[in-house]
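Derivation of every value follows stated rules applied to the coordinates shown; laboratory data play no part. It should be emphasised that the depicted structure is a prediction, and the values quoted were computed from it without experimental measurement. A quick note on method: Cβ atoms are made from the backbone with ideal geometry, for glycine too, and the neighbour counts reach across all protein chains shown.
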Amino acid sequence: MNEWEKLWNNEHFDLFYLLSIFFPAGPWDFFWRWGRYKLFLKAANLCEPDVIELGCGPGIMSLKIKKTHGGSLTLVDQAKSALIKANYMSKKILKAKEQKDIYYLNKDFFKMDNYKKYDLVHSQGLIEHFELDKIIKRHADFVKKGGYVLIIAPRDSLMYRFMRKIIEKLYDGWPFGFEVPVNSEKVRKVIEENGLTVIKEKKFTFCYGCLARRGI
């Protein structure tokens with residue numbers, strides 16, 4: 001079982017409980033994360049959108065987007081346990097009539113060749129685990145003309161470095177594999193190189209968020 005399967009099977013429960021107490025980073029900080037999302041969604045013109053989340057985990061922000069904006073939702077993750085948790089969370093967050101048009105894909109999104117285009121492509125806590133050019137291009141691949149890309153990821157801040165040192169000490173190393181906190185200037189540059197226009201960006205204590213749009 002890889003680290004991500006362990007994570008979504010709650011085998012890192014103690015770690016994320018610690019994070020949720022001291023930092024807006026663990027799985028219980030839904031208020032913090034949704035607050036950040038709403039700042040960006042206000043700048044996007046979404047009406048019954050087709051939404052895809054790459055590396056969705058439990059998919060909570062996507063489910064909240066569906067609840068507030070309607071439309072369809074595609075959740076993609078290589079960890080089967082993540083999609084099981086996302087399906088469970090859909091029943092917690094959405095009413096029965098709102099649970100239609102949700103698709104769970106247990107796939108490697110880099111190997112998805114025959115894909116549709118979406119009104120909103122988003123991820124959180126994902127791009128820091130990949131080569132920056134490659135992962136942002138994959139976001140851009142999925143967005144339709146006039147659609148939006150929203151990325152939120154930890155940035156190289158004092159808070160991030162402090163938190164990481166604590167986790168590495170507790171776990172005798174970093175338990176989540178390859179991870180490089182993002183540099184906002186580099187993210188903006190790669191986004192623009194992929195034909196997208198930055199609409200809104202913001203640095204938070206722990207992370208950086210960027211909303212961009214593909215021209216019509």
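Name the one entry in Lys202, Lys145, Lys137, Lys116 that is out of contact with any strand residue (DSSP E or B) (no Cβ under 9 Å at 6 or more places or on another chain) and not aliphatic (A, V, I, L, M).
Working: Lys202 fails: out of contact with any strand residue (DSSP E or B) (no Cβ under 9 Å at 6 or more places or on another chain); Lys145 fails: out of contact with any strand residue (DSSP E or B) (no Cβ under 9 Å at 6 or more places or on another chain); Lys116 fails: out of contact with any strand residue (DSSP E or B) (no Cβ under 9 Å at 6 or more places or on another chain).
Only one candidate passes the filter, namely Lys137.
Determine whether segment 140-150 contains at least one residue that is more than 20 Å from Leu41 (Cβ to Cβ), surrounded by 14 or more Cβ atoms within 10 Å (Cβ to Cβ), out of contact with any Phe, Trp or Tyr (no Cβ under 8 Å at 6 or more places or on another chain) and of a type in the set (A, V, I, L, M, F, W, C).
Taking segment 140-150 as the starting set, the residues that turn out to be more than 20 Å from Leu41 (Cβ to Cβ) are 141.
Now restrict to residues that are surrounded by 14 or more Cβ atoms within 10 Å (Cβ to Cβ): 141.
Add one more test, that the residue is out of contact with any Phe, Trp or Tyr (no Cβ under 8 Å at 6 or more places or on another chain), and what stays is none.
Looking for residues that are more than 20 Å from Leu41 (Cβ to Cβ), surrounded by 14 or more Cβ atoms within 10 Å (Cβ to Cβ), out of contact with any Phe, Trp or Tyr (no Cβ under 8 Å at 6 or more places or on another chain) and of a type in the set (A, V, I, L, M, F, W, C), one finds none in segment 140-150, hence no.
Filter segment 135-147 down to residues that are part of a strand (DSSP E or B) and at negative phi and give me whichever is nearest to the chain's Cα centre (by Cα). Before you say what the answer is, go through the steps one by one.
Step one: filter segment 135-147 for residues part of a strand (DSSP E or B), giving 143-147.
Those left that are additionally at negative phi: 143-145, 147.
On the way: Val143: 15, Lys144: 18, Lys145: 21, Gly147: 17 Å.
Filtering first and then ranking leaves Val143.
Step by step: first the residues of segment 66-83, then only those that are touching a strand residue (DSSP E or B) at 6+ places or on another chain (Cβ under 9 Å) and either of a type in the set (Phe, Trp, Tyr) or more than 12 Å from Ile102 (Cα to Cα) (or both), then the one that is surrounded by the most Cβ atoms within 10 Å (Cβ to Cβ). Which residue is that? Break it down stepwise before answering.
From segment 66-83, those touching a strand residue (DSSP E or B) at 6+ places or on another chain (Cβ under 9 Å) are 66, 69, 71-77, 82-83; that's our starting set.
Of the ones still in play, those that are also either of a type in the set (Phe, Trp, Tyr) or more than 12 Å from Ile102 (Cα to Cα) (or both) are 69, 77, 82.
Working: His69: 17, Asp77: 27, Ala82: 24.
Taking the candidates together, the pick is Asp77.
Listed residues Tyr160, Tyr148, Tyr103; which is closer than 18 Å to Gly209 by Cβ, hydroxyl-bearing (Ser, Thr, Tyr), out of contact with any helix residue (DSSP H, G or I) (no Cβ under 7 Å at 6 or more places or on another chain) and free of Cβ contacts under 8 Å to residues at least 60 places away in the same chain? Can you show your working first?
On the way: Tyr148 fails: free of Cβ contacts under 8 Å to residues at least 60 places away in the same chain; Tyr103 fails: closer than 18 Å to Gly209 by Cβ.
On inspection, the qualifying residue turns out to be Tyr160.
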